[in-house]
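See structure below.
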Amino acid sequence: MLDRAWIAARIPHQGSMCLLDAVSDWSAERIACRATSHADPANPLRADGRLGAAAGIEYAAQAMAVHGALLAGPADGAEAPRQGYLTSVRGVTLHVARLDELPGALDVEAERLSGEGNTILYRFAVSHAGRCLLDGRAAVVLDAAALG
């Protein structure tokens, strides 16, 4: 299992903004992660003492970033990994209002549906104890400067 330190070393989100605790499973097509930061009162995504379900999109985006780092292979220092930007989310359904009231870990999954060149489409879901909390699709653009 890849832990939080491994994740933080490979994505731009640092400190309390690194929301994922571990990668529990992954393949070329999908990734499954776990997170407990939703229950932390110091979670930087909280507003008015609450963590709304829409914050789960950021959890999924970080899982996508970790997936990209895993697909890029081991960093040997010769080439920086390609940085991705979440450009749109579609078909998002929030099945709950809040995440912060849930005890234990969240399961965060992302599945790569398609991708070539600089764009990737993922399907994502965040669940708790087998119950889907939110799901949808997200488009990621790599090397945005190269598009212009």
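The values are calculated or read from the model by the stated rules, or taken from the named source; none is laboratory data. All values derive from a computational prediction rather than experimental measurement. Backbone-built Cβ (ideal geometry, glycine too); neighbour counts: all protein chains shown.
Scanning the stretch 117-131 for residues that are farther than 13 Å from ALA60 by Cα and in a strand (DSSP E or B), we see that the one that is modelled with the lowest pLDDT is THR119.
Here is the figure for the stretch 1-29: residues that are loosely packed, with under 15 Cβ neighbours inside 10 Å, over 14 Å from ALA61 (Cα atoms) and in contact (Cβ under 8 Å) with a residue 40 or more places away in the chain total 2.
Here GLY49 meets the list (1) modelled with pLDDT under 95; (2) under 14 Å from ALA125 (Cα atoms) almost entirely, failing just condition (2).
When the stretch 20-46 is examined, which residues are found to be assigned to a strand (DSSP E or B) and either modelled with pLDDT under 95 or hydrophobic (A, V, I, L, M, F, W, C) (or both)? ALA22, VAL23, TRP26, ILE31, ALA32, CYS33, ALA35 - these are the residues of the stretch 20-46 that are assigned to a strand (DSSP E or B) and either modelled with pLDDT under 95 or hydrophobic (A, V, I, L, M, F, W, C) (or both).
Of all residues in the stretch 65-116, those being modelled with pLDDT under 90, touching a Gly at 6+ places or on another chain (Cβ under 8 Å) and charged (D, E, K, R) number 1. Applying a threshold of 8 Å to beta carbon distances and a minimum spacing of six or more residues, or different chains, the list of pairs starting in the stretch 129-143 at a residue that is farther than 19 Å from ALA53 by Cα and without any contact (Cβ under 8 Å) to a residue 60 or more places away in the chain and ending at one that is part of a loop (DSSP other than H, G, I, E, B) and not aromatic (Phe, Trp, Tyr) reads VAL141/ASN118.
Scan the stretch 94-116 for residues that are in a loop (DSSP other than H, G, I, E, B) and either on the phi < 0 side of the Ramachandran plot or crowded, with 18+ Cβ neighbours inside 10 Å (or both) and the total you get is 9.
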